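The values are calculated or read from the model by the stated rules, or taken from the named source; none is laboratory data. Remember, it's a predicted structure, so these values are computed and weren't measured experimentally. Please note: Cβ atoms are built from the backbone with ideal geometry, for glycine as well, and neighbour counts cover all protein chains shown. Just the protein is used for accessible areas: all its heavy atoms, side chains included, with ligands, DNA and RNA removed. Shrake-Rupley method; radii C 1.70, N 1.55, O 1.52, S 1.80 Å.
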Amino acid sequence: MTPMRELNWNIAEHKLIYAVFLPFLIVFLWGVFVTMRRWLLGRPDPRWDRLWERLVGVVAQAGVQFRILREAYAGVLHATLSWGFFVLLAATCLVLLQEYLGLPTLQGPFYLYFMSLVVDLFGVLALVGTGMALLRRWVLKPKRLVEPRGSDGYSVLLVLIFVILASGFVVEGLRIVATRDPWGAWSPGGWLFAQAFLGMPQEGLERLHRISWWGHAVAAFAFIAYLPFSRAMHILVAPLSIFFRSLEPLGRLPAGGGAGAEGPGASSLRQLTWKHLLDLDACTECGRCQAACPAWLSGAPLSPKGLVLDLRDHLRARLGHSNGGRAMVGDVITREVIWSCFTCGACHEMCPVYIEPVPKIVEMRRFLTSQGDVDATLQDTLTATSRYGNSLGQSPRARARWTQGLDVTIKDIRRERARYLWFVGDYASYDPAARDATRAAARVLHRAGVDFGILYDGESGSGNDARRVGEEGLFEMLVEKNLATMRGCEFDEIMTTDPHTYNTLKNEYPRFGATWPVVHYSEVLDRLVQPDGVRLTRKLSRRVTYHDPCYLGRYNGVFDAPRRVLRALGAELVEMPRNRRSSYCCGAGGGRIWMKEAAGIKERPAESRVREAAALDAVGTLVVACPKEMAMFRDAVKTTGLEDRLVIKDLAELVEEATTLEVSGHA
Amino acid sequence: MNITVLLSMVPDLVEELEIDASGAALDTQWLRYVISESDDHALEQALLLKDRHGASVSVMALDYGDADQVLFAALARGADEAVKLTGIPEAGLGKRAAAATFKEALGGIRTDLILTGVQAIDDLDAHVAGMLGGMMALPYVGVTRSVEPSGEGKVLVQKEYPGGAAAEIEVTLPAVIGVLSAPQPPRYVPVARIREVMKTRTLDEREAVPATVPAEPAIIRLFKPESAEHAQMLDGSPEELAEQIVKILEDRGLAP
C-alpha cells in the first residue's frame, strides 16, 4: 500500500478557507503598504548594483543566518524557530500543489520521508525554539533586550506562534487517531500528541479535529495579519535590509544629503535615505549592537538600538501626525547621543540585518556642524585644523620636528623620489606620547633600507576625523591641500602611521582623484620581517597581546600583518576575548578624542580595554598600531592603577628592540 | 540699528616670534596673523544683537596680515558687508594712526554703534577704541561683557571692573564700545560656508585716507625675555637635602 494521507480529510467545507482568509489578507497587505510608504519619505539612494552579491547575502544571512548563529543560545533558538517556520510554510505550499496541480505530494516516499518525517521534525524544532525564546524573554532576560527599554512586542508573537505550532500538532494527532493512520509514527510530533486522544469516540475526534483545524487556520491567519504591525515584520524587512545593504567599504562615508534649503546633513527624516528608513523597520531589537557599543558600555547615552528605535517611533508618529512638533535632531535624538559615537563600527559588524547606524549619526552631525552647533573643545579643534592643518593646534612648521635628533636623515619627498610616501599624520607627528614610536618606526625603516620620504610641513591632517564629526567642508579643504602637495611628488605607495589616516586615504581620497596604493606601517613591517627581509638579532621572548585598531581591523580588514610581525619577533601572542572583528574601541575615534567626556561615564572604553588585556595570564605588554591608542592606553593604565602590570608598546618599538643588539636605555 | 565692527589682526603665538635684523621689530616673514580675540568677541556681540533685535552689521579691517580671510570669515558668520581699507603698510599701523584711519573711514558711513575689541596682544593698554571715541567725539565705554538695546537710540552695557565688580551703564548712540567679551563665545562657522562666501561675495575695498597723527613713540630695542637668575639645584641624600633646605630658609630669615 502506498503511504498517503487524504487531502482535507474531515473538512468538507475547506473551500471556505479563502473567504475566511480574505479579511486577514487585506489587513496584511494594508500593513505592508503603510510600512513601505513610510520609506518613500526618504531621499533616493541607488542600491541595485551587484545583484548577485546582494542575493548571496540574503541567502547567507536571512536563510542560513551566519551572523545570528555567532551566538549559541540566541542563534540556535532563532534558527530552529525560523527554519522550522520556513519548512512548515513550504509544506503548506506543497499541499496546495497537490490540490490544484495534482502533483502527488501527499503520497509515496516523498510524503513519508519529507512531508511527514522531516516537516514534523522541523515543527518540533520550531516548538523547541519558541520555548527557548520565551524562556529567554521571561526568565533569562539578558540586559541587551531590556535596556534602554524593553521590547515586549515579541511575547505576544511567541505565544501566537506557540498556539499555531501546537494546534497544528493537535490537528495532526487527531487525524492520526481518527483515521487509524498506519504511517502515524512517521510524524513523530503529531504521533506524540495523538497519544492524548487515544480512546476518544470517533465522533468526538472528528468534531475536535474540525474545531482545531479551523482554529489552527485562524491563528495562522491572525499571525499573517498582525505581522506588518508587529516585530515579526522583520521577517519581511530584514531580507530587504540585507539585500540593500551597503556594499561600499565601511570607511567610505556616503556623500550625504547635500545642501538643500534645510542645509547639509540630516535634521529631519526626509533628509535620510529610504534605506535609512527601511533600516528602522528591519531592526529586530536584538541589541547585539548595544552589547558591543563602547559608548553604551561606558555609560554614554547612545545605544545604537535605542537610536534606531527612537527614529522608528519618530517615523511612525510623523506619518500619524502625532509627533508634537518634535525635531529629529535635538528632541528625538539628543545632541549628547549624536556626539557620543566613536564611529568604531562594532554595531555594523554585529547587526544580523546590516543596519547602518554610523552614517545616520554622521548625517546628523553634519547638520549640527553646519549650524555651528559643536562643543567648545571640538570648535577649538576644528578652528585649529582649518587654520594650521593639524588638530593639535600647533605650528604647521613644527610638523616634522619629531625628526630632529634622529641619527638618520629623512628624505623630503617633495624634492626627492622615494618608494614610499610616508603620510605621518597629526598624532604621530605632534603628540608627545606617539612621537617616540614614530621615531622608532623611522629608524627601523631606515636601517632596513626602506626607501621612504615624508612631506615635512607640506602635510596636513588627512581629515578622516573631521569628516566623522560632520565637517565636510574642512575635510574637502584638507584633501585638496594634501592632494596638491602629493601630486607634485614621485612615489609608488603611500604608507601611513595612523589607521584613521589610512582609512580615508585608501577609501575616500580616490573620489578626489587619488589613485596611489595605501599601506599601513604594520604591513610594511610585515614585509620587512619576512625571512629574506631585515635581520632580527634578538628574539623577544615575552607574552604580548595586540589591540586591533577599529579603523585598521574592522574597517579595513588588516588583522594578520601586525600579528605576523609579532610572531616573527618571537613574541608569544595571546588574544584578548574581544579581538579582530570584535575588537573593542579605545575611545579615540569619530572625533571623540577632541570632545569633552560625556557626563555620567562609568568606565572609559580604554580603561575597559586595558583591564581586558591585564586579565590575560602573564601578559605584560599591550601592543598597539595606532598613535592615538598610545595616548589613550597610557592614560588608562594610570587611571586603572595597572601601570606595574601592563606596558603599552607600539609595534615599531618592538621591532626596533628586536633589531638592536645593544638595548640602550632610551629604546 | 547699524553696527560697525572694527577688526584687527595680531601675531599668532602658535609660531615663535622672531625679531628682525633691525632689532626693533618683529620679523614679518615668519609672522602668521590671527584675528584679535576681543575683536572676535566684538563681532559675536554685534551678531547677537543682529540675531536678537535685528541690525545691519558691517565689518572693517585694515589691509595687512590675513585681512581677507578674517573679513570673509566674518561675512560667513553673518556680517552683512565687509570693508577692507587698503594702502596700509605691510606691518600694519601704530595704534594712534590706526584709530585715526578708522575715524576717516567711518566718516562717510552712517553707523549707530561702533564695536571693537577693547585690547589686543599688541595693544594691551587698550588705545584704539578709546582714542577712536575721542577723535570722533563720541561716548566711549570699554571692558564690556554685554551690550543690549535699551529704548530709542540707547544701549545698556555691562562693564567689568577689577575684583569682580560690574556696572550697568546706559550709553546714548552713536557710541564706541570696547568689547572685552560677548555674552557667549564666538560661534563656529563651517569651512564650507566660508568657502562659499569667498566664491560668491566680494570685499568692499576702499583706499585708506592717510591720517596725520603726531609721531608715535619709537621702539629702540625689541627683545625676548632674558633669564636673569638661574635656579639653584640641590643635590644629595634626603637627609642632606633637608639640611640644605633648612639652612636656606634660615639664611633668608624665613625660618627661626
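When the residues of the stretch A:7-30 are narrowed to those that are of a type outside the set (Lys, Arg) and not in a helix (DSSP H, G or I), which ends up least open to solvent (accessible area, probe 1.4 Å)?
A:Ile11
Answer yes or no as to whether A:Glu476 is part of a helix (DSSP H, G or I) and surrounded by fewer than 23 Cβ atoms within 10 Å (Cβ to Cβ).
yes
Conditions tested, residue by residue: (1) open to solvent by less than 10 Å² (accessible area, probe 1.4 Å); (2) outside the structural domain of A:Gly641 (by TED's automatic domain parsing); (3) without any contact (Cβ under 8 Å) to a residue 60 or more places away in the chain; (4) farther than 17 Å from A:Asn503 by Cα.
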{"position": "A:Arg538", "(1), (2), (3), (4)": "no, no, no, yes"}
{"position": "A:Arg543", "(1), (2), (3), (4)": "no, no, no, yes"}
{"position": "A:Tyr546", "(1), (2), (3), (4)": "yes, no, no, yes"}
{"position": "A:Leu552", "(1), (2), (3), (4)": "yes, no, no, no"}
{"position": "A:Gly557", "(1), (2), (3), (4)": "no, no, yes, no"}
{"position": "A:Ala588", "(1), (2), (3), (4)": "yes, no, no, no"}
{"position": "A:Arg604", "(1), (2), (3), (4)": "no, no, no, yes"}
{"position": "A:Val610", "(1), (2), (3), (4)": "yes, no, yes, yes"}
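Within the stretch A:471-497, restricting attention to residues that are touching a Phe, Trp or Tyr at 6+ places or on another chain (Cβ under 6 Å) and touching a residue at least 60 places away in the same chain (Cβ under 8 Å), which residue is farthest from the other protein chains (Cβ to nearest Cβ)?
A:Glu493
In the stretch A:197-209, which residue that is assigned to a helix (DSSP H, G or I) and out of contact with any helix residue (DSSP H, G or I) (no Cβ under 7 Å at 6 or more places or on another chain) is surrounded by the fewest Cβ atoms within 10 Å (Cβ to Cβ)?
Selected residue: A:Glu203.
Condition (residue is in contact (Cβ under 8 Å) with a residue 12 or more places away in the chain, out of contact with any helix residue (DSSP H, G or I) (no Cβ under 7 Å at 6 or more places or on another chain) and under 25 Å from B:Pro174 (Cβ atoms)) applied to the stretch B:2-11: is it met by at least one residue?
Checking the stretch B:2-11: at least one residue is in contact (Cβ under 8 Å) with a residue 12 or more places away in the chain, out of contact with any helix residue (DSSP H, G or I) (no Cβ under 7 Å at 6 or more places or on another chain) and under 25 Å from B:Pro174 (Cβ atoms).
Would you check if there is a residue in the stretch A:376-385 being assigned by TED's automatic domain parsing to the domain that holds A:Lys481, buried (at least 19 other Cβ atoms within 10 Å of the Cβ) and either among the small types (Gly, Ala, Ser) or not in a loop (DSSP other than H, G, I, E, B) (or both)?
Among the residues of the stretch A:376-385, not one is assigned by TED's automatic domain parsing to the domain that holds A:Lys481, buried (at least 19 other Cβ atoms within 10 Å of the Cβ) and either among the small types (Gly, Ala, Ser) or not in a loop (DSSP other than H, G, I, E, B) (or both), which makes the answer no.
Which ones in the stretch A:501-527 are of a type outside the set (Val, Ile, Thr) and open to solvent by less than 20 Å² (accessible area, probe 1.4 Å)?
A:Tyr502, A:Asn503, A:Leu505, A:Asn507, A:Glu508, A:Tyr509, A:Ala514, A:His520, A:Tyr521, A:Ser522, A:Leu525, A:Asp526
Can you find a residue that is within 16 Å of A:Leu253 (Cα to Cα), within 29 Å of the chain's Cα centre (by Cα) and of a type in the set (Asp, Glu) anywhere in the stretch A:508-515?
Looking for residues that are within 16 Å of A:Leu253 (Cα to Cα), within 29 Å of the chain's Cα centre (by Cα) and of a type in the set (Asp, Glu), one finds at least one in the stretch A:508-515, hence yes.
Considering A:Leu319, A:Leu315, A:Leu272, which residue is modelled with pLDDT under 95, surrounded by fewer than 18 Cβ atoms within 10 Å (Cβ to Cβ) and over 14 Å from A:Arg149 (Cα atoms)?
Unique residue meeting the criteria: A:Leu319.
Is it the case that some residue within the stretch A:313-328 is assigned to a loop (DSSP other than H, G, I, E, B), within 28 Å of A:Asp498 (Cα to Cα) and not assigned by TED's automatic domain parsing to the domain that holds A:Gly470?
no
Please list, ordered by first then second residue, the pairs with beta carbon atoms under 8 Å, 6 or more apart or interchain, first in the stretch A:361-382 and more than 7 Å from chain B (Cβ to nearest Cβ), second among the β-branched types (Val, Ile, Thr) and outside any loop (DSSP other than H, G, I, E, B).
Note: pairs meeting the criteria are A:Ile361/A:Ile338; A:Met364/A:Val329; A:Met364/A:Ile333; A:Met364/A:Ile338; A:Arg365/A:Ile338; A:Phe367/A:Val329; A:Leu368/A:Val329; A:Leu368/A:Ile338.
With respect to A:Arg47, is the statement that it is among the charged types (D, E, K, R), open to solvent by 30 Å² or more (accessible area, probe 1.4 Å) and under 28 Å from the mean Cα position of the chain (by Cα) true?
It is false that A:Arg47 is among the charged types (D, E, K, R), open to solvent by 30 Å² or more (accessible area, probe 1.4 Å) and under 28 Å from the mean Cα position of the chain (by Cα).
Here is a list of conditions, (1) out of contact with any Gly (no Cβ under 9 Å at 6 or more places or on another chain); (2) more than 28 Å from A:Met1 (Cα to Cα); (3) open to solvent by 60 Å² or more (accessible area, probe 1.4 Å), and A:Ile164 meets all of them except one; can you say which number that is?
The single condition A:Ile164 does not satisfy is (3).
Which condition breaks for B:Asp122 when tested against (1) within 22 Å of B:Leu85 (Cα to Cα); (2) among the acidic types (Asp, Glu); (3) within 14 Å of chain A (Cβ to nearest Cβ)?
(3)
Has the stretch B:129-137 got at least one residue that is within 14 Å of chain A (Cβ to nearest Cβ) and part of a helix (DSSP H, G or I)?
Within the stretch B:129-137 (the criterion being within 14 Å of chain A (Cβ to nearest Cβ) and part of a helix (DSSP H, G or I)), the answer is no, since none of the residues qualifies.
Only one of A:Ala178, A:Ala185 is hydrophobic (A, V, I, L, M, F, W, C) and within 26 Å of A:Leu16 (Cβ to Cβ). Can you tell me which?
Criteria check complete, one pass: A:Ala178.
Scan the stretch B:225-242 residue by residue and report those that are open to solvent by 90 Å² or more (accessible area, probe 1.4 Å) and farther than 30 Å from B:Glu16 by Cα.
Once the filter is applied, which keeps residues that are open to solvent by 90 Å² or more (accessible area, probe 1.4 Å) and farther than 30 Å from B:Glu16 by Cα, the stretch B:225-242 yields B:Asp235, B:Pro238, B:Glu239, B:Glu240.
Among A:Met36, A:Met1, which is surrounded by 12 or more Cβ atoms within 10 Å (Cβ to Cβ) and out of contact with any His (no Cβ under 8 Å at 6 or more places or on another chain)?
Only one candidate passes the filter, namely A:Met36.
Are any of the residues in the stretch B:170-180 under 18 Å from the mean Cα position of the chain (by Cα) and not in a strand (DSSP E or B)?
Yes; the residues of the stretch B:170-180 include at least one that is under 18 Å from the mean Cα position of the chain (by Cα) and not in a strand (DSSP E or B).
Restricting attention to the stretch A:443-464, report how many residues are buried (at least 24 other Cβ atoms within 10 Å of the Cβ) and away from chain B (no Cβ under 14 Å).
Total satisfying the criteria: 6.
Only residues that are without any contact (Cβ under 8 Å) to a residue 60 or more places away in the chain and assigned to a helix (DSSP H, G or I): list them for the stretch A:38-52, please.
Listed by number, the residues that qualify are A:Leu51, A:Trp52.
Of the residues in the stretch B:183-222, how many are of a type in the set (A, V, I, L, M) and within 14 Å of chain A (Cβ to nearest Cβ)?
Matching residues across the stretch B:183-222 total 6.
Would you tally the residues in the stretch A:555-597 being in contact with a Ser or Thr (Cβ under 9 Å, 6 or more places away or on another chain) and on the phi > 0 side of the Ramachandran plot?
4
Listed here are the residues, each with its yes/no results for (1) among the aromatic types (Phe, Trp, Tyr); (2) under 17 Å from A:Ala448 (Cβ atoms).
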| site | (1), (2) |
| --- | --- |
| A:Met495 | no, yes |
| A:His500 | no, no |
| A:Glu508 | no, no |
| A:Trp516 | yes, no |
| A:Ser522 | no, yes |
| A:Val534 | no, yes |
| A:Thr537 | no, yes |
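Restricting attention to the stretch A:210-249, report how many residues are in contact with a helix residue (DSSP H, G or I) (Cβ under 6 Å, 6 or more places away or on another chain), outside any helix (DSSP H, G or I) and crowded, with 17+ Cβ neighbours inside 10 Å.
2
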